[in-house]
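Sharing a structure, written as structure tokens. Questions coming.
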Amino acid sequence: MNEQSPIKQRRYSPEKRKSLILDHTANIVAREGVAMATMDRIGREAGISKSLVYTYFDNQTDLLRVLLKRELKRLRKLQAKEAREAETFEGLVRGVTHQYLKYIEERGLLIERLQAEPSVSDGHDPTDYSRDDAVDYIADIVVDNFNLPRTLAKTVIDISFGLPATAGAHFLRSDESRQEIEDITVTMILGSLNAIENDFAKRQRPLIRQKPEAGTKAEE
């Protein structure tokens, strides 16, 4: 009778192994939340020992910070590409929203759960693929295309930036299609910008005063 060959553990390069650990961590966080992503659980999911996980990451917080940075980098790159290639402002809003909702469909509320942990989000470099950079970039485009001062444009975009996240959470618990949610979100963002532009224009419009009729004396 032939003896069965022992199962050999597959060897990976350090970078590949680190990436796989992050992948398994992402799956746990997306499915069950940050609290369940212990180093022991991550090791079991990845098919390696807990001590090997510690070889690549100092602790759980370090691992989650690296994961958040990776996920933000991936999403922001996709959204930046959409923004660069857009030919209209609607195209820009739709492209950025589309990539976010597609990410939500594939990864769930992974980024939101990681950012909700102060120890994880506080360690993130705010200059690297951050929300602030994205808000500044789009606010500059709004200034060039809408009759709004930059301070107001930035405030509007900063508030609007949270809308796709709310739409994504709704998408995960509703029966509506991703396209339906995308259309609604884009309409809401564009509608709010147009309404604020019109409101600002009215507020800044010079007053029209009736000229006194000939032979009458204007009030002093």
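The values are calculated or read from the model by the stated rules, or taken from the named source; none is laboratory data. These numbers come from a predicted model, not from an experiment. All Cβ positions, even for glycine, are placed from backbone atoms using ideal geometry, and neighbour counts span all protein chains on display.
Hey, does the stretch 53-74 have a residue that's surrounded by 14 or more Cβ atoms within 10 Å (Cβ to Cβ), part of a loop (DSSP other than H, G, I, E, B) and touching a helix residue (DSSP H, G or I) at 6+ places or on another chain (Cβ under 8 Å)?
Yes, the stretch 53-74 contains a residue that is surrounded by 14 or more Cβ atoms within 10 Å (Cβ to Cβ), part of a loop (DSSP other than H, G, I, E, B) and touching a helix residue (DSSP H, G or I) at 6+ places or on another chain (Cβ under 8 Å).
Can I ask one more? Can you tell me how many residues within the stretch 122-146 are modelled with pLDDT of 85 or more and among the polar types (S, T, N, Q)?
Looking only at that region, the number is 1.
For the stretch 161-220: of the residues being outside any helix (DSSP H, G or I) and modelled with pLDDT of 80 or more, which is surrounded by the fewest Cβ atoms within 10 Å (Cβ to Cβ)?
Once the filter is applied, the top-ranked residue is Asp175.
Checking the condition assigned to a helix (DSSP H, G or I), among the small types (Gly, Ala, Ser) and either loosely packed, with under 14 Cβ neighbours inside 10 Å or not assigned by TED's automatic domain parsing to the domain that holds Thr185 (or both), which residue from Ala80, Ala26 passes?
Details: Ala80 fails: either loosely packed, with under 14 Cβ neighbours inside 10 Å or not assigned by TED's automatic domain parsing to the domain that holds Thr185 (or both).
Answer to the selection: Ala26.
Residues that are under 30 Å from Tyr12 (Cα atoms) and either more than 13 Å from the chain's Cα centre (by Cα) or assigned to a helix (DSSP H, G or I) (or both): does the stretch 83-101 have at least one?
Taking every residue of the stretch 83-101 in turn, none turns out to be under 30 Å from Tyr12 (Cα atoms) and either more than 13 Å from the chain's Cα centre (by Cα) or assigned to a helix (DSSP H, G or I) (or both).
Have a look at Leu63, Leu92, Leu101 and point out the one that is in contact with a Lys or Arg (Cβ under 8 Å, 6 or more places away or on another chain) and in contact (Cβ under 8 Å) with a residue 24 or more places away in the chain.
One residue alone meets the criteria, Leu101.
Then there is this: List pairs: first residue in the stretch 19-33 and on the phi > 0 side of the Ramachandran plot, second residue crowded, with 17+ Cβ neighbours inside 10 Å and of a type outside the set (Ser, Thr, Tyr) anywhere in the structure, Cβ distance under 9 angstrom, at least six positions apart or on different chains.
Close Cβ pairs satisfying both conditions: Gly33/Arg113.
Same structure again: Of everything in the stretch 29-43, what is surrounded by 13 or more Cβ atoms within 10 Å (Cβ to Cβ) and in a helix (DSSP H, G or I)? Give them in sequence order.
The answer is Val29, Ala30, Val34, Met39, Arg41, Ile42, Gly43.
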